[in-house]
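Structure, as structure tokens:
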Amino acid sequence: MPRKALIAANWKMYKTPGQAQSFMDTFLPLVAGHTRDEIALFPSPVLLPTVVSAAEGANVAVGAQNMHFAAEGAYTGETSVLQLKAVGATHTLIGHSERRQYFAESDAIVNKKLHTALQHGVVPIVCVGEVLEEREAGHTGAVLKTQIAGAFAGIAPGAATPIVVAYEPVWAIGTGRTATPEIAAEAHHILRAEVARLLGAEVAAAMRILYGGSVKPENATALLAQDEIDGALVGGASLKSDSFAAIVQY
Ligand code: 13P
């Protein structure tokens, strides 16, 4: 079975509800009838009701950028999986590098969140990637293996089917410096081999691994032409409906 590509927009901490509505008004007609790839949008929690309501009946899924590992509780400022599901989120990012860098998210926390997402039937996109110093020191493979093994601890092969992985080299995020298709494919190959070691060849062969880091309409085709690259997680270039639609139609 070929893996169906997933083209995902991470809006980060951008847009008001009005701006999100304007995006949806112009974006949905641009991608109407597009069935080759799955499309998903990841807005801030405060935008979810607007985006979910606009996407109703459309070929676009909506997810969260983050969630807490507890289903509910005294965690001021956090959002739970139950809350996200109740407003219509079907997916969530987990362990984005900005969460790791600015909010001290460890592999252990990523692991707890992954268990919670799977228990509650939310599609998790687990983000991994090395920082520049790690790449330059030749540690990329070791870093990626540690992140994947940490994230997947205690996950049974039978439960892993919904998991999506996103390779986002930190040095390529928001820098305009994209990994070449070959560099990205090499990292994806390492990740898939580690998934195979942990969960078996069958799970690894079916798992989608997305690339993220300065994906734009101009480089999307070359990146997505790689067999190892099963989609894109797009930041900056996903904020405008025409540029994100162009990436969807790579
Ligand atoms: P940019 O596309 O802005 O580099 O962001 C990538 C990213 O972090 C997506 O999650």
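The values are calculated or read from the model by the stated rules, or taken from the named source; none is laboratory data. Model, not experiment: these values are computed from the prediction. Note: ideal-geometry Cβ built from the backbone for every residue, glycine included; neighbour counts use all protein chains shown. With ligands, DNA and RNA removed, areas are computed over all heavy atoms of the protein, side chains included. Shrake-Rupley method; radii C 1.70, N 1.55, O 1.52, S 1.80 Å.
Here are some notes:
- Note on segment 11-20: among residues that are open to solvent by less than 70 Å² (accessible area, probe 1.4 Å) and under 13 Å from A54 (Cβ atoms), the one that is nearest to the ligand (Cβ to nearest atom) is K15.
- Criterion: outside any loop (DSSP other than H, G, I, E, B), away from the ligand (no atom under 16 Å from the Cβ), closer than 21 Å to A201 by Cβ and not polar (S, T, N, Q) - qualifying residue of I109, I148: I148
- The number of residues in segment 157-186 that are of a type outside the set (A, V, I, L, M, F, W, C), without any contact (Cβ under 8 Å) to a residue 40 or more places away in the chain and within 16 Å of the ligand (Cβ to nearest atom) comes to 4.
- Test result for V62, more than 16 Å from the ligand (Cβ to nearest atom) and among the aliphatic types (A, V, I, L, M): no
- Failed item in (1) open to solvent by less than 60 Å² (accessible area, probe 1.4 Å); (2) without any contact (Cβ under 8 Å) to a residue 12 or more places away in the chain, with E136 passing the rest: (1)
- Number of residues in segment 96-121 that are open to solvent by less than 20 Å² (accessible area, probe 1.4 Å) and of a type in the set (S, T, Y): the value is 2.
- Complete set of residues in segment 216-239 that are within 12 Å of the ligand (Cβ to nearest atom), without any contact (Cβ under 8 Å) to a residue 40 or more places away in the chain and open to solvent by 50 Å² or more (accessible area, probe 1.4 Å): K216
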